[in-house]
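What follows is a single structure, written as structure tokens, with notes after it.
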Amino acid sequence: MLQKTTRLTLVDQVIIQLESMIESGTWPIGTKIPPEPGLVNDLNVSRNTLREGIKALCHAGVLTTKQGDGTYVSSTSALGAAIQRRVHKSGLLDTLEVRNALEQEAARLSAERRTEEDLAKIRFYQQECLTFRKKREMEQYVAADMKLHQTIVESTGNQMLIDLYEHITEAIRESITVIIKKKFSDNLLPNAHDQLVDAIFAQDSDAAVQHVQQFIKEMKQAIEQEDL
């Protein structure tokens, strides 16, 4: 049986329009949204309606209001904010297990779908990792490592996977940084990257997945041994 359609309230419409500005990248994370008078005029709504919409997005974790300063974008979506809140309550092992699941599928799909343009980007960040590792510049290495894995995920073309991975990147960055500082030696850092990238280049999805499994296994052992 068909359900009656529900008309959106003005507040709902405001929320949708504000979310659209955020999700499109017009207002990136960390951006201060325009002052209230301008938004009231642009959206053609009352001040109270606008405030209710902003309040709802603040409650969802998409926006954050700083007293006496303004309102800032804190997440690209309510789902992203919820995931980030959950991630912050999780330990390194939990984060690593979720990363394992996402990156195995990303490796498999990347090997099957990557383009020549994707390969060029992946190779670039692979070289960045190697360069910063040789220079022992760990912060730069971590940043390059994150870009490498993000590029592999992006090469899958699966937007949901890309979005999910983006929402846990900060937790992944923290886990990488801790593990590198606490346990991994120079010889261990680049190997998994080389083998993974080679498998993606050869379009060997099984090998790509195996290399992710091995890499994550070594990281889990490092965490357990150090009791991080």
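The values are calculated or read from the model by the stated rules, or taken from the named source; none is laboratory data. Just so it is clear, the model here is predicted, and its values are computed rather than measured. Using ideal geometry, Cβ is built from the backbone for each residue, glycine included, and neighbour counts are taken over all protein chains shown. Surface accessibility is based on the protein's heavy atoms, side chains included, excluding ligands, DNA and RNA. Shrake-Rupley method; radii C 1.70, N 1.55, O 1.52, S 1.80 Å.
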- prompt: Counting only residues that are at pLDDT below 95, of a type in the set (Asp, Glu) and out of contact with any Cys (no Cβ under 9 Å at 6 or more places or on another chain), which one in the stretch 117-150 is surrounded by the most Cβ atoms within 10 Å (Cβ to Cβ)?
  reply: Glu128
query: Of all residues in the stretch 5-40, which are in a helix (DSSP H, G or I), of a type in the set (A, V, I, L, M, F, W, C) and either open to solvent by less than 60 Å² (accessible area, probe 1.4 Å) or modelled with pLDDT under 85 (or both)?
result: Val11, Val14, Ile15, Leu18, Ile22, Leu39, Val40
statement: Note on the stretch 55-71: residues touching a strand residue (DSSP E or B) at 6+ places or on another chain (Cβ under 6 Å) and either more than 14 Å from Val11 (Cβ to Cβ) or crowded, with 19+ Cβ neighbours inside 10 Å (or both) are Leu57, Leu63, Thr64, Thr65, Gly70, Thr71
- prompt: Limited to the stretch 151-160, what total is found for residues that are assigned to a helix (DSSP H, G or I) and open to solvent by less than 20 Å² (accessible area, probe 1.4 Å)?
  reply: 3
field: The lone exception for Leu93 - which of (1) of a type in the set (A, V, I, L, M); (2) at pLDDT 90 or above; (3) farther than 18 Å from Trp27 by Cα it fails
entry: (2)
field: Residues (within 15 Å of Val153 (Cα to Cα) and of a type in the set (Val, Ile, Thr)) located in the stretch 203-224
entry: Val209, Val212
field: Selected residue (only one of Ile176, Ile162, Ile168 is of a type in the set (A, V, I, L, M), free of Cβ contacts under 8 Å to residues at least 24 places away in the same chain and on the phi < 0 side of the Ramachandran plot)
entry: Ile162
message: Pairs needed: first member in the stretch 140-154, closer than 18 Å to Gln195 by Cα; second member anywhere, buried (at least 23 other Cβ atoms within 10 Å of the Cβ) and acidic (Asp, Glu); C-beta distance under 6 Å; at least 6 residues apart or different chains.
response: none
